[in-house]
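The values are calculated or read from the model by the stated rules, or taken from the named source; none is laboratory data. Being a predicted model, the structure only gives us computed values, none of them experimental. We place every Cβ from the backbone using ideal geometry, glycine too, and count neighbours over all the protein chains shown. Protein only, heavy atoms only, side chains kept; ligands, DNA and RNA dropped before computing areas. Shrake-Rupley method; radii C 1.70, N 1.55, O 1.52, S 1.80 Å.
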Amino acid sequence: MATPQFLLSSSKYSDSLTVVGISICTAIICETISWILIYRTNSYKSLKSSIDKASKKLETMKTDTAKITTKKSKTKKIDRVESSLKESSRDLSLFKFKSGAVVALVLIVVFGLLNSLFEGKAVAKLPFQPITLVMKMSHRGLSGTDSTDCSMAFLYFLCSISIRTNLQKFLGFSPPRGSAPGAGFLPLPDPKTS
């Protein structure tokens, strides 16, 4: 009678599970650092509440303006609230910048460690034949011609993006609704002034 071989202890999956496990641990460590440096501070909480209040006020002002004919004073108030919202979003982005530097350092160290452990080694098999652009990323650093081989860098990249984003949503650390992607450190140009 053969001894049962567990799925997780199989060498076939151990490298993949190691990379995924390290990615989960790294995401938890990064979010803990962010919580210590950002989310628990009073200045973050006040910035977040001011962004939430300004975005709600802007929404109500825009819906009221759509119902009533546009007046010049109403437009000036809307512009004032929009500029206040942009300024608060910029301040929030700058506030998050210091934590981002520490998190980036942690991610670089972990990536370097993983790269030295799994250099030139396929850690997973892709269930499809990737297109050329994806294959260049997924087959990076691997020898051989099997394009379904997946390198550690590609798997770690995919895991880090998906796990950290979902962890932020689960913990309630996602950005406030009023802070638009273009209202950050490098804001998009205002179409009204162009």
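What does the accessible area per residue of region 13-170 come to in Å², with a 1.4 Å probe and no ligands, DNA or RNA counted? Don't skip to the end; give the middle numbers.
Details: 9750 Å² over 158 residues.
So region 13-170 comes to 62 Å² accessible per residue, rounded to a whole number.
Percent of alpha carbon pairs in region 11-50 separated by more than 16 Å? Don't jump to the answer; show the numbers that get you there.
Details: 423 of 780 pairs.
Here the tail beyond 16 Å accounts for 54 percent of pairs.
Within 10 Å of each candidate Cβ there may be at most 16 other Cβ atoms; applying that plus a DSSP loop requirement, which trypsin sites (Lys or Arg not before Pro) in region 23-131 survive? If you can, show how the numbers build up before the last one.
Values: sites: Arg40, Lys45, Lys48, Lys53, Lys56, Lys57, Lys62, Lys67, Lys71, Lys72, Lys74, Lys76, Lys77, Arg80, Lys86, Arg90, Lys96, Lys98, Lys121, Lys125; in loops: Arg40, Lys71, Lys121.
Sites meeting the loop and neighbour criteria: Arg40, Lys71, Lys121.
What do you get for Rg/Rh over region 90-183 if you use C-alpha atoms and the Kirkwood form of Rh?
1.08
From the backbone phi of region 133-148, what are the Karplus-calculated ³J(HN,Hα) couplings (6.51 cos²θ - 1.76 cosθ + 1.60, θ = phi - 60°) in whole Hz, Gly and Pro given as x?
Result, ordered by residue: 4, 5, 5, 5, 7, 6, 9, 4, x, 9, 8, x, 10, 6, 6, 8 Hz.
Quick one: what Rg and Dmax do you get for region 13-170 from the alpha carbons, in Å?
Using the Cα atoms of region 13-170, the pair Rg, Dmax is 22.6, 68 Å.
Here is the link list: Lys86/Lys136; Lys72/Lys98; Lys57/Lys96; Lys12/Lys98; Lys56/Lys96. Which ones come out longer than 30 Å on Cα distance? Mind showing how you got there, number by number?
Values: Lys86/Lys136 39 Å; Lys72/Lys98 41 Å; Lys57/Lys96 24 Å; Lys12/Lys98 40 Å; Lys56/Lys96 23 Å.
Correct reply: Lys86/Lys136; Lys72/Lys98; Lys12/Lys98.
Measure off, as a whole percent, the carbon and sulfur share of the 1.4 Å-probe accessible area of region 13-170, all protein chains present.
Values: 6290 of 9750 Å².
Percent of accessible area from carbon and sulfur atoms in region 13-170: 64.
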